[in-house]
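I have placed the structure first, in the form of structure tokens, so that the comments after it can refer back to it.
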Amino acid sequence: MNETILRKYAELVVKTGINLQDKQTLVISSPLECAPFARLLSETAFKAGARDVVINWLDDLSSKIRFLHAPDEVFDEFPEWRRDFYLSYLREGAAFVSISASDPELLKEVNPDRIVRAQKTSNIALTEYREKIMSHQNSWCVISVPTKPWAAKVFPAVSEDEAVDRLWDAIVKAVRADAANPVDAWNRHKTQLRERRDFLNASQFKLLHYKSANGTDLTVELPAGHIWMGGSKNNGKGVEFIANIPTEEVFTLPKKTGVNGTVFSSKPLAYNGNLIADFSLTFKDGKVVSFTAKQGKDILEKLLATDEGAAYLGEVALVPYDSPISNAKILFYNTLFDENASCHFAFGKAYPTCIQDGAKLSPEELASRGVNDSLVHVDFMVGTADLEITGIAADGRQVPVFKNGNFA
């Protein structure tokens, strides 16, 4: 990839994504395969005034070896030093960048019970970190760059090198790093997202009714005082940041017990190194009561059984079918991109900031207002070219929100 564009991308992440402040520490979590770009981010951050840059290297292949061969009890343990790593930087006020670039099927040979146990153990140990991040107390941003295994999955018909080149090209376009001035391009994009969320917040719909020819017929109740978000957010100090690059969504939370009907997936879900594909979910009073899947049904079953809240929804997100990532006609097998090409929901924990005064409420107060809690937050895609979403106001008035897959 052209070095000029790579530097534009790095500056976009540092200056717009996390909006790094002078003398602030940056923590980067990066797969080993993404080291060159992680180092470029580090250099860019120091030049922008970072106090320090700490890189948390991730080795997916070593993780796979551990999952295959370690004794079971290992996956119920979480080292104190790892917990301290995250919490010490969190409390210091650091910003966090995560590079999401895993092989979508890396762990398909691994017993899914082990993956679930390890994730549950990690999430419990890092409860404070997760809650502060999901309440936007610290700036954070998820981005991506290609790896060879991931690129080969997305473009299987070409050579490994060409696949990486194609994936780079797709990512650069998706994040607007190919623009003459990516920061200006993102400022215009944020304005469009703000207009959409302002309309939805002014409407304060009681219900959203989803219908599609694939069999989706789902009603989602929104709690009183819900807040639609999208584009940029403000951290606990009032500093604007963008949590996902790219992002095309506006989103809120559903009432935990207010989801009824059936929804069909529109894209495969890459989850914990496995794929869940062609699945459907039937909800009653918010909870998944039955489901189907042509691939990865056992993985989906274990995901839903993670804890009590995993079988309920925590996010409702609207993304037009006619959007840059969707129009690329690429299945990325990476939630960061696929969720921004499609309307989606998320199993599990809701963002407390999506309800009035949510960041100040206790877990008990959030629960009393219909906000779901869980150790997981997993997005899955449901948007189609014919999706219709009708907003139903408290007085029964019906307003078209989506028609033919796009905002009406």
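Only one of these is closer than 30 Å to Asn2 by Cα, assigned to a helix (DSSP H, G or I) and in contact with a Gly (Cβ under 9 Å, 6 or more places away or on another chain): Trp186, Trp168, Trp150. Name it. Don't jump to the end; show me each part of the working.
Details: Trp168 fails: in contact with a Gly (Cβ under 9 Å, 6 or more places away or on another chain); Trp150 fails: in contact with a Gly (Cβ under 9 Å, 6 or more places away or on another chain).
After applying the criteria, what remains is Trp186.
Just to be sure before I move on: is Ser42 without any contact (Cβ under 8 Å) to a residue 24 or more places away in the chain, under 19 Å from Cys141 (Cα atoms) and assigned to a helix (DSSP H, G or I) in the structure I sent?
On the way: without any contact (Cβ under 8 Å) to a residue 24 or more places away in the chain: yes; under 19 Å from Cys141 (Cα atoms): yes; assigned to a helix (DSSP H, G or I): yes.
Taking the combined requirement at face value, the residue satisfies it.
So, Tyr351, is that one touching a residue at least 12 places away in the same chain (Cβ under 8 Å), of a type in the set (Phe, Trp, Tyr) and in contact with a Ser or Thr (Cβ under 8 Å, 6 or more places away or on another chain) or not? Steps first, please.
On the way: touching a residue at least 12 places away in the same chain (Cβ under 8 Å): yes; of a type in the set (Phe, Trp, Tyr): yes; in contact with a Ser or Thr (Cβ under 8 Å, 6 or more places away or on another chain): yes.
The answer is yes for Tyr351.
Ala179 passes all but one of (1) closer than 26 Å to Glu11 by Cβ; (2) among the hydrophobic types (A, V, I, L, M, F, W, C); (3) under 21 Å from the mean Cα position of the chain (by Cα); (4) surrounded by fewer than 21 Cβ atoms within 10 Å (Cβ to Cβ); which number fails?
Tallying (1) closer than 26 Å to Glu11 by Cβ; (2) among the hydrophobic types (A, V, I, L, M, F, W, C); (3) under 21 Å from the mean Cα position of the chain (by Cα); (4) surrounded by fewer than 21 Cβ atoms within 10 Å (Cβ to Cβ), Ala179 fails exactly one: (3).
Give Ala346, Ala310, Ala305 a once-over and let me know the one that is small (Gly, Ala, Ser), closer than 30 Å to Asp169 by Cα and within 21 Å of the chain's Cα centre (by Cα). Don't jump to the end; show me each part of the working.
Values: Ala310 fails: closer than 30 Å to Asp169 by Cα; Ala305 fails: closer than 30 Å to Asp169 by Cα.
Matching residue, one of Ala346, Ala310, Ala305: Ala346.
Going through the range 255-288 one residue at a time, which ones are within 17 Å of Val116 (Cβ to Cβ) and either among the polar types (S, T, N, Q) or touching a His at 6+ places or on another chain (Cβ under 7 Å) (or both)?
Filtering the range 255-288 down to residues within 17 Å of Val116 (Cβ to Cβ) leaves 269-276, 288.
Of everything in the range 255-288, those that are within 17 Å of Val116 (Cβ to Cβ) and either among the polar types (S, T, N, Q) or touching a His at 6+ places or on another chain (Cβ under 7 Å) (or both) turn out to be Asn272, Asn274.
Tell me, please, whether a residue that is outside any strand (DSSP E or B), at pLDDT 90 or above, touching a Cys at 6+ places or on another chain (Cβ under 8 Å) and under 20 Å from Leu193 (Cα atoms) can be found in the range 310-320.
Filtering the range 310-320 for residues outside any strand (DSSP E or B) gives 310-312, 319-320.
With at pLDDT 90 or above added as a condition, the list becomes 310-312, 319-320.
Now restrict to residues that are touching a Cys at 6+ places or on another chain (Cβ under 8 Å): 319.
If we keep only those that are under 20 Å from Leu193 (Cα atoms) as well, we get 319.
There is at least one residue in the range 310-320 that is outside any strand (DSSP E or B), at pLDDT 90 or above, touching a Cys at 6+ places or on another chain (Cβ under 8 Å) and under 20 Å from Leu193 (Cα atoms).
Exactly one condition in (1) over 18 Å from Lys256 (Cβ atoms); (2) of a type outside the set (S, T, N, Q); (3) in contact (Cβ under 8 Å) with a residue 40 or more places away in the chain is false for Asp395; which is it?
If we test Asp395 against (1) over 18 Å from Lys256 (Cβ atoms); (2) of a type outside the set (S, T, N, Q); (3) in contact (Cβ under 8 Å) with a residue 40 or more places away in the chain, just (3) comes out false.
Against the definition (under 16 Å from the mean Cα position of the chain (by Cα), β-branched (Val, Ile, Thr) and not in a strand (DSSP E or B)), how does Thr247 come out, yes or no? Show your work before the answer.
Details: under 16 Å from the mean Cα position of the chain (by Cα): yes; β-branched (Val, Ile, Thr): yes; not in a strand (DSSP E or B): yes.
So Thr247 passes the test.
Out of the range 395-405, which residues are outside any strand (DSSP E or B) and loosely packed, with under 14 Cβ neighbours inside 10 Å? Give the derivation first.
As a first pass, look at the range 395-405 and keep what is outside any strand (DSSP E or B): 395-397, 404-405.
Once the filter is applied, which keeps residues that are outside any strand (DSSP E or B) and loosely packed, with under 14 Cβ neighbours inside 10 Å, the range 395-405 yields Asp395, Gly396, Arg397, Asn404.
Would you check if Ser159 is assigned by TED's automatic domain parsing to the domain that holds Leu275, of a type in the set (Gly, Ala, Ser) and over 23 Å from Thr335 (Cα atoms)? Outline the logic, then answer.
On the way: assigned by TED's automatic domain parsing to the domain that holds Leu275: no; of a type in the set (Gly, Ala, Ser): yes; over 23 Å from Thr335 (Cα atoms): yes.
Judged against the criteria, Ser159 is not a match.
Note down all Cβ pairs under 8 Å where the first residue falls in the range 11-27 and is part of a helix (DSSP H, G or I), the second is surrounded by fewer than 24 Cβ atoms within 10 Å (Cβ to Cβ) and among the aromatic types (Phe, Trp, Tyr), and they're at least six residues apart or on different chains.
Gly17/Phe241
This table checks each residue for (1) in contact with a His (Cβ under 6 Å, 6 or more places away or on another chain); (2) on the phi < 0 side of the Ramachandran plot; (3) among the charged types (D, E, K, R); (4) modelled with pLDDT of 95 or more.
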site	(1), (2), (3), (4)
Asp22	no, yes, yes, yes
Ile28	no, yes, no, yes
Pro36	no, yes, no, yes
Ser42	no, yes, no, yes
Asp60	no, yes, yes, no
Arg66	no, yes, yes, yes
Leu90	no, yes, no, yes
Ala94	no, yes, no, yes
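Return yes when Ile133 is assigned to a helix (DSSP H, G or I) and free of Cβ contacts under 8 Å to residues at least 24 places away in the same chain and no when it is not.
Answer is no for this residue.
Tell me, yes or no, whether the range 70-89 has at least one residue that is within 26 Å of Lys233 (Cα to Cα) and more than 23 Å from the chain's Cα centre (by Cα).
The answer is yes, given that some residue of the range 70-89 is within 26 Å of Lys233 (Cα to Cα) and more than 23 Å from the chain's Cα centre (by Cα).
Would you mind stating whether Phe67 is touching a residue at least 24 places away in the same chain (Cβ under 8 Å) and over 26 Å from Val371 (Cβ atoms)? It would help to see each step written out before you state the result.
Details: touching a residue at least 24 places away in the same chain (Cβ under 8 Å): yes; over 26 Å from Val371 (Cβ atoms): yes.
Yes, satisfied.
Hey, could you check the range 106-141 for residues that are under 20 Å from Ala305 (Cα atoms) and basic (Lys, Arg) and say which is surrounded by the fewest Cβ atoms within 10 Å (Cβ to Cβ)? Give the steps one after another, and end with the answer.
Applying the first criterion (under 20 Å from Ala305 (Cα atoms)) to the range 106-141 yields 107-108, 110-127, 130.
Going one step further and asking which of them are basic (Lys, Arg), we end up with 108, 114, 117, 120, 130.
Values: Lys108: 15, Arg114: 18, Arg117: 17, Lys120: 18, Arg130: 17.
Checking each candidate, the answer is Lys108.
Has the range 203-210 got at least one residue that is in a strand (DSSP E or B), crowded, with 20+ Cβ neighbours inside 10 Å and in the same structural domain as His344 (by TED's automatic domain parsing)? Give the derivation first.
Taking the range 203-210 and keeping what is in a strand (DSSP E or B), we get 207-210.
Filter once more, keeping what is crowded, with 20+ Cβ neighbours inside 10 Å: 208, 210.
Cutting the leftovers down to in the same structural domain as His344 (by TED's automatic domain parsing) gives us 208, 210.
Yes: the range 203-210 contains one or more residues that are in a strand (DSSP E or B), crowded, with 20+ Cβ neighbours inside 10 Å and in the same structural domain as His344 (by TED's automatic domain parsing).
The values are calculated or read from the model by the stated rules, or taken from the named source; none is laboratory data. All of these numbers come straight from a predicted model, not from anything done at the bench. Every residue, glycine among them, receives a Cβ derived from its backbone with ideal geometry; neighbour counts consider all protein chains shown.
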